[in-house]
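Engineer: Below you'll find the structure I mean.
The values are calculated or read from the model by the stated rules, or taken from the named source; none is laboratory data. Since the structure is predicted, the reported quantities are computational estimates derived from the model, not experimental observations. Don't worry about glycine lacking a Cβ; one is built from the backbone with ideal geometry, like all the others, and counts go over all protein chains shown. When the accessible area is computed, the model is the full protein with side chains, heavy atoms only, and any ligands, DNA or RNA have been set aside. Shrake-Rupley method; radii C 1.70, N 1.55, O 1.52, S 1.80 Å.
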Amino acid sequence: MKKLNLFGRGLKLQIAIMIGCQMAFILFGYDQGVFSGIVTNEDWLNTFGHPGSGLEGIIVSIYNLGAFSGCILTFIWGEKLGRRLCMWVAMGWIIVGAILQCTSYSVPQIMVARYITGIGTGIETSTVPMYQSELCDADKRGRLVSSEPLFVGVGIVISYFFDYGMRYVGGPVAWRVPIACQVIFAFVVIFLVFGLPESPRWLYYHGRNEEALQVMCDVWDSPPDGEKVIKMQTEILETIALERKHGEYKWADILKRDDVQTGRRVLLAYGMQFMNQVGGINLVVYYVPTALQNNVGLSSNLSLVIGGCVQTMFFFGSLVPTFLLDRMGRRRPMMWGSAGLGISMMLIAVLLSFSTARGYSKTLEKATSSASVTFFFTYMLFFGATANCIPWVYVPEILPLHARAKGTAIGISSNWLWNFVIVMITPTLLNNLLWKGYLIFMCTNFAFIPLVYFCYPETKNLTLEEVDHLFTIGGRHGAKALTAPSQPVQESFKAQALEDDEKVVGRMGGSSAEHAEISEEIKDDNSG
């Protein structure tokens with residue numbers, strides 16, 4: 001695919017890559033948040049016949065089902081198309097869906113339009129974190145990839161306050177214009193991708209070694225024989241050779257146990273995004289104005305204002321991993337974050353339980369329900385600082401190169417499948433279970449603490465190729481070798497152990513002739 005030299009080399013190009021990925025996630029956040037202020041708009045309700053809570057849940061959540069379908073498309077074609085073309089295709093789906101949404105006059109049309117928009121979002125979210133992971137240094141990967149979910153918060157806050165301001169305009173413009181504005185972000189991403197390079201790891205995997213080498217030289221502003229470029233090339237080529245030791249990888253092998261434990265790592269990716277969703281985040285993102293109005297008893301206008309302020313905590317919380325994730329690691333923040341999320345949900349449930357329907361006074365009900373608003377804020381702050389960002393970082397970095405596109409699609413599909421489930425059932429939970437519905441999410445968050453402790457290894461400050469070696473050696477010895485509370489994973493691989501374990505990995509640091517030999521083997525595999 002054609003690439004224009006819009007951003008030069010080195011730091012300028014790295015910043016352009018980062019901005020392109022962040023802009024895609026602002027669009028993602030805007031898409032997610034824009035409907036929360038629309039479903040209570042009087043003109044929207046009149047246009048679509050005042051849908052009940054069940055139908056409203058389907059209208060909102062079908063977007064997530066579309067995103068799940070987009071992940072499936074990425075699983076099938078993502079590795080063939082490459083990272084840049086996938087991003088373009090995603091923007092195309094989003095633009096078409098946005099146009100159909102803002103011109104909708106019936107429930108079937110708005111459902112089809114949201115499904116189409118969701119397909120684009122699914123492709124985008126399956127591709128962008130992986131693309132950023134493959135084009136950054138190991139010691140910056142956590143901060144850079146976690147900055148993308150930070151900008152999801154930016155998109156959500158923009159959509160919330162845009163919806164709020166447009167309420168005063170009135171009529172169909174109040175909800176059609178916010179939906180139509182999605183296309184602005186999409187066109188910006190399309191333009192930026194014209195000047196961005198393809199992932200060098202994808203290029204090497206497909207035998208396009210000269211292009212891959214040029215990309216690395218451009219991104220890190222280095223000559224072809226620079227120490228950093230040579231080291232990265234060596235690691236990538238040798239890892240590809242190790243992963244292909246038993247022949248070309250097929251999608252049917254995605255869950256099989258092999259030398260680098262691909263199946264286990266795909267399940268870890270799936271589980272990490274499961275935790276991102278089943279802790280109850282989309283109750284807050286999509287329905288916090290409804291929850292504040294129906295459960296807390298606030299007015300419609302005040303619910304929207306406070307709902308928008310709650311979303312700002314998503315942004316402020318996400319600043320923590322954006323600057324500190326490569327120091328904090330992945331495991332401990334996830335465990336502490338799950339504890340904070342569980343406690344917040346528990347306190348919301350407890351404070352909302354003092355209702356007049358259960359025999360308490362009106363004064364006590366008003367005081368405790370008002371106090372519960374505090375813990376919507378703490379929930380969003382904890383989520384932004386932990387479970388918002390870490391799964392998006394962890395999924396692409398835990399997966400081996402040969403299964404990264406397909407495995408990332410499977411991992412992100414977990415996000416969208418469970419997003420769909422939670423968004424669809426939430427209106428019923430809020431209307432029927434009231435305060436008891438929050439206890440469900442309290443239990444799921446507390447359950448994630450032992451799950452992370454016993455199943456998830458630490459991966460901070462490792463190159464993507466070093467993560468492979470972690471599973472090649474330490475992974476053979478069971479959960480204990482990978483999940484000790486404070487064991488640095490760097491201890492899991494020693495030079496001599498690598499030589500004993502895999503002959504091909506023993507070539508690391510070898511001559512340029514050996515590098516060329518590995519390159520030729522990979523080219524032969526691709527051509528075969």
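Engineer: Return the ratio Rg/(2.2 N^0.38 Å) for the range 304-407, where Rg is computed over Cα atoms only.
Structural biologist: Normalised Cα radius of gyration, the range 304-407: 1.40.
Engineer: Further question on the same structure: For the pair Lys12 and Ala447, how long in nm is the line joining their label points, each one 7 Å along Cα→Cβ?
Structural biologist: Between Lys12 and Ala447, the label points sit 5.2 nm apart.
Engineer: For the full complex of protein chains and a 1.4 angstrom probe, list Glu465, Glu211 by accessible area with the highest value first.
Structural biologist: Glu211, Glu465
Engineer: Calculate, axis by axis, the spread of Cα positions in the range 120-264 along the three principal axes, and write the results as whole Å, longest axis first.
Structural biologist: Its Cα atoms span 63, 40, 25 Å along the three principal axes.
Engineer: For Leu268, what accessible surface area do you get with a 1.4 Å probe? Give it in Å², rounded to 10.
Structural biologist: Approximately 10 Å² for this residue.
Engineer: Next question. Based solely on C-alpha atoms, express the radius of gyration and the Dmax of the range 328-375 in angstrom.
Structural biologist: Just the Cα atoms of the range 328-375 yield Rg and Dmax of 14.8, 47 Å.
Engineer: Let me know the charge dipole size of the chain about its Cα centre in debye, to the nearest 20, where only the beta-carbon of Lys, Arg (+1) and Asp, Glu (-1) is charged. Before the final figure, lay out each step's value.
Structural biologist: Details: 41 positive and 43 negative charges, 322 e Å.
Its charge dipole is roughly 1540 debye.
Engineer: Take the Cα atoms of the range 257-478, find their three principal axes, and give me the spread along each one in whole Å, biggest first.
Structural biologist: Principal extents (Cα only, largest first): 63, 32, 27 Å.
Engineer: Further question on the same structure: Just the accessible area for Thr428, please: 1.4 Å probe, Å², rounded to the nearest 10?
Structural biologist: We get 60 Å² for Thr428.
Engineer: Next question. Can you tell me how much longer the chain between Asp43 and Asp139 gets when fully stretched, taken as 0.36 nm per residue apart minus their C-alpha distance, in nm with one decimal?
Structural biologist: Extra length available between Asp43 and Asp139 comes to 29.6 nm.
Engineer: Additional query: What's the ranking of 293-304, 107-118 by average number of surrounding C-beta atoms within 10 Å, highest first?
Structural biologist: My ranking of the peptides, most packed first, is 107-118, 293-304.
Engineer: Could you tell me which of the pairs Lys80/Lys256; Lys80/Lys231; Lys362/Lys436; Lys12/Lys140 are separated by over 23 angstrom between their Cα atoms in the structure shown?
Structural biologist: Where the Cα-Cα span goes over 23 Å, the pairs concerned are Lys80/Lys231.
Engineer: Something else now. If one computes the Cα centroid of the range 283-349 and of the range 90-167, what distance in Å separates the two points?
Structural biologist: 19 Å
Engineer: Using the Cα centre of the chain as origin and beta-carbon charges of +1 (Lys, Arg) and -1 (Asp, Glu), tell me which of Val229, Leu135, Thr47 is placed farthest towards the positive end of the dipole.
Structural biologist: Thr47
Engineer: Moving on. Which value, in Å² rounded to 10, gives the accessible area of Trp77 with a 1.4 Å probe and all protein chains present?
Structural biologist: 120 Å²
Engineer: For the range 7-196, what ratio Rg/Rh do Cα atoms give with a Kirkwood hydrodynamic radius?
Structural biologist: Here the Rg-to-Rh quotient is 1.00.
Engineer: Of Ile440, Ile398, which has the most accessible area and how do the rest follow, probe 1.4 Å?
Structural biologist: Ile440, Ile398
Engineer: Could you please put Val393, Val173 in sequence from largest to smallest accessible area, using a 1.4 Å probe?
Structural biologist: From most exposed to least exposed: Val173, Val393.
Engineer: Sticking with this structure for a sec: Is it possible to state the helix-based mean residue ellipticity at 222 nm for the chain, with each DSSP H run of 4+ residues giving -39500 (n - 2.57), the sum divided by total residues, to the nearest 500 deg cm²/dmol? What is it?
Structural biologist: -24500 deg cm²/dmol
Engineer: Separate question: Could you run the Debye sum over the Cα atoms of the range 165-218, one equal point scatterer each and no solvent, and tell me log10 of I(q)/I(0) at q = 0.27, 0.29 Å⁻¹, two decimals?
Structural biologist: -0.93, -0.98
Engineer: Determine by what factor the alpha-carbon radius of gyration of the range 226-333 differs from 2.2 N^0.38 Å, reporting the quotient.
Structural biologist: After normalising by residue count via 2.2 N^0.38 Å, the value is 1.71.
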